[in-house]
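The values are calculated or read from the model by the stated rules, or taken from the named source; none is laboratory data. Model, not experiment: these values are computed from the prediction. Positions of Cβ are generated from backbone atoms using ideal geometry, with glycine treated the same way; all protein chains shown enter the neighbour counts. For accessibility, only protein heavy atoms count, side chains too; no ligands or nucleic acids. Shrake-Rupley method; radii C 1.70, N 1.55, O 1.52, S 1.80 Å.
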Amino acid sequence: MAKFVAKQPYTSQSLLGIGLFSSPKNVRFDDVKGSGFTAQTTTVELDVGGHGFKSTFLGAGQPKAVGTVTDIKYYSSGTLIYKLSDAKYPFHDLADSNDLQAHTEKIFAKDDIIKGSYGNDILYGYKGKDTLTGGGGVDTLDGGKGKDTYVFNADPVLSLDTITKYEKGEHFELKAKYFPGLVAGELLPEQFVVGGAAQDADDRIIFNSSNGLLYHDADGNGALAPVAFARLANYLTGIDHLGAEDFLII
């Protein structure tokens, strides 16, 4: 299970920076030891953690193509862009090929945790039962293959996320702090409704099947207006399996 955390808005479909290992020209390698090393150019730096690395000359120079990469911190012009942990990926594979997309898909081929930044992200889960958290901003979440979980832990007034392909058996987790009227635990059947608006005072989550939007309504059919927090982009295919059992309040 790999864990990815974007520290700045992230839209790349692959892991930025890992191409340095297969194209090391103009790359400086420092502090090479068994547990990690640093690779950097004039604008990019990768702090790599793992085990089994071997230096070629007194802790400097390009590491030998052995060992396992578990963690990466990627900096661009001194700013931390993302953190990767628990990857367990052979360094030999990274050094042998510059196919960033293939490496990324293999790293995230299991049940992974993908977290976005404070801004607008595009996040990919690839294979496995992944957990994707957009965070703040307007995000696009593509879980890929497998039954995924989508977490909403930001103010929906400022954050409307698009889920590219919602499938039966996938789940939503909503942070109670940002969804007034809901408490931790399973969403009750009477709190979920399909339609254009809340039908009674108990309704809290509304799925509008005509536009794919999921709304939160803090007071049901009261005076407060519902707020859209997610859009299921594949709604035109007919999502008739969505129900209260697919939501967990955390």
For the stretch 149-167, which positions are more than 18 Å from Ile249 (Cβ to Cβ) and not aliphatic (A, V, I, L, M)? Thr162, Thr164, Lys165, Tyr166, Glu167
Could you list all residues from the stretch 98-118 that are open to solvent by less than 40 Å² (accessible area, probe 1.4 Å), under 14 Å from Leu15 (Cβ atoms) and touching a residue at least 40 places away in the same chain (Cβ under 8 Å)? His103, Thr104, Ile107, Phe108, Asp112, Ile114
If you take the residues in the stretch 119-143 that are touching a Phe, Trp or Tyr at 6+ places or on another chain (Cβ under 6 Å) and open to solvent by 30 Å² or more (accessible area, probe 1.4 Å), which one is farthest from Asp71 (Cα to Cα)? Asp142
Could you check Lys88 against (1) in contact (Cβ under 8 Å) with a residue 24 or more places away in the chain; (2) touching a Gly at 6+ places or on another chain (Cβ under 9 Å); (3) under 21 Å from Asp148 (Cα atoms); (4) open to solvent by 50 Å² or more (accessible area, probe 1.4 Å) and say which number it fails? (3)
Candidate set: the stretch 150-170, residues that are outside any loop (DSSP other than H, G, I, E, B) and over 10 Å from the mean Cα position of the chain (by Cα); chosen: the one surrounded by the most Cβ atoms within 10 Å (Cβ to Cβ): Asp161
Members of the stretch 214-246 found to be out of contact with any His (no Cβ under 7 Å at 6 or more places or on another chain), of a type in the set (A, V, I, L, M, F, W, C), crowded, with 19+ Cβ neighbours inside 10 Å and in a strand (DSSP E or B), listed by number: Leu214, Ala230, Leu232
